[in-house]
Amino acid sequence: MQPLGDLQDAFTELNINIPTEEEEYLLPEWKDITSFVDEATQEFKVGQLVHLQSFTLFDAMSAIEIMDPRMDTGMLVKENPNTFDIQNRISIEETLGIMDRLLTREMAWISGHSLSQTVYTCIYFHHIATLNQLPMPTLTSSMDDIMYGVLKTYILATVKCCHYIWTEMTQGNVFEEEDFTTNLFGLSFNDQHPDVAIFNDIDSSVMLLNHLLNMDLSEEQSKIIKEILNRIEIRKSFLLSLVFFSQVEGSHLPQANSELTKVISLLQNIDLGLGKDIPEAFDPNINRKLTSQTPPRPVELVSPEQSYKEFGLLIGRLASICTVVNFPSVTSLMVRFFFFFFFFFFLVLRVFFFFFFLLFFFFFLF
C-alpha cells in the first residue's frame, strides 16, 4: 500500500472554510469529513494510521482514545453531575468532616499525588475568588453562618499552606523531592490574597467559636465545636510555621519551632470520630477539563487517622530542622548524627545477643 500524501493538502481540497477574523476562530464552520476518513482507512491493516507528515513518536505517546471516559475529558460522563452549592450552609458535623477530608487530600498531595487527584477535588477550591469576597460573620450571626465563615477561613488557610509548600519545592530548596508534583493545571493558589487577611479571619473564627462554646449547647455540640476549634488552631500554627520557614537564611526558625510545638501538642488531643462525611463536597470528575498532560484519574486515599499520623510525622521532621541552627558547625551536627546512629546500632546489637543467648540457654536446657 502506497503511503498517503500530506493530510493537510487533502483537507484543503475539502474546501473547509477557515475564518479570517481573529475573534471568529472560536466559532469555525464545521464540515463532516467522516466519509473522507472512512475512504482513506478502508485498505488499512492493523497498526496503520492516517497522520500528518509531521507526526512523531512523541505525538503517538501523547495520544488519547476518543470516547474513552478515562482519557477523553471532553466527553460527557454517565454519572450525574455534581450539583453541590458552596454557599449552602452545612451542619457542624459536616464542617468538621470536610476539614478532616481536606487534610487527607493535602497529605496525599505532599506524598506525591497530583493536585488534580487530591486537593483540587474539593469543590470549594474552584470558587476561591467567591470565598475571598465573603465577609466574616459576627457575634450576632446564626450558628450556621458562623460555621460557614469558619469553614471558609479553613479552606483559604489550606490554600495558603499549599502555596507556601509549592513555592518552597519549586525553588529547589528541598532535596529528594522526586515524587512531588508541582503542576498547577492552570489554576492559582490564591497568592494575591494577603496573609494578614487570612490570619485576621482565623482570629475571628477562634473568637466566634469560643463565643459559641459559651452558649447553651448540648454536650455533643460542644465536643464538635471544640474539635473544629482544634483544627483551626492547628491550621493557624502550621501556616505560621510555613511563613517563618519562608524567611531568608532561616532567620525565623525559633518562631517556626514554637508554632510546630503547638501543633504537636494540639494533635495529641484530636478526636477523629465526630465528623460527618459529605461526599458531594469532593468530586474527582470536576478536574476533567483542567490543563493536563495526562487525564486525571481518582486515587485511593488513606483514612483520616492515617493522614493525621503522617501529618504528625511531618510536623516532627520540620521541628527537627529548626534545631540545626543550634549546632556551631557541620562537624558538630555530624557528630550528633553518628552518636545517635551508633547508639541505635548497639541497642539493636544488645537485643540480638540477648535473644541469641536466650535461645542458646533453652536449647541446652531441654
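Quick notes on this one:
- For a straight C-alpha distance cut-off of 23 angstrom, the lysines reachable from Lys309 (same-chain residues fewer than eight places away being disregarded) are Lys160, Lys223, Lys226, Lys236, Lys262, Lys276.
- Taking 0.36 nm per residue of separation and subtracting the Cα-Cα distance, full extension of the segment from Ser141 to Met169 would add 6.0 nm.
- Rounded FRET efficiency, nearest 0.05, which uses the C-beta distance separating Asp195 from His127 and R0 of 25 Å: 0.75
- Charge tally for Val243 (other residues, Cβ to Cβ under 10 Å; Lys, Arg +1; Asp, Glu -1): -1.
- Alpha-carbon centroid distance for the pair the range 191-241 / the range 151-176, whole angstrom: 20
- Values of log10 I(q)/I(0), in the order q = 0.15, 0.17 Å⁻¹, for the range 92-326 under a Debye, Cα-only, solvent-free model: -1.07, -1.39
- When only Cα pairs below 8 angstrom with a gap of at least 6 residues are kept, the range 92-326 shows a relative contact order of 34 percent.
Taken together, the values in this text are just the output of simple stated rules run on the coordinates, not laboratory data. Owing to the predicted nature of the structure, the values given are computational and were not obtained by experimental measurement. Positions of Cβ are backbone-derived with ideal geometry, glycine not excepted, and every protein chain shown enters the neighbour counts.
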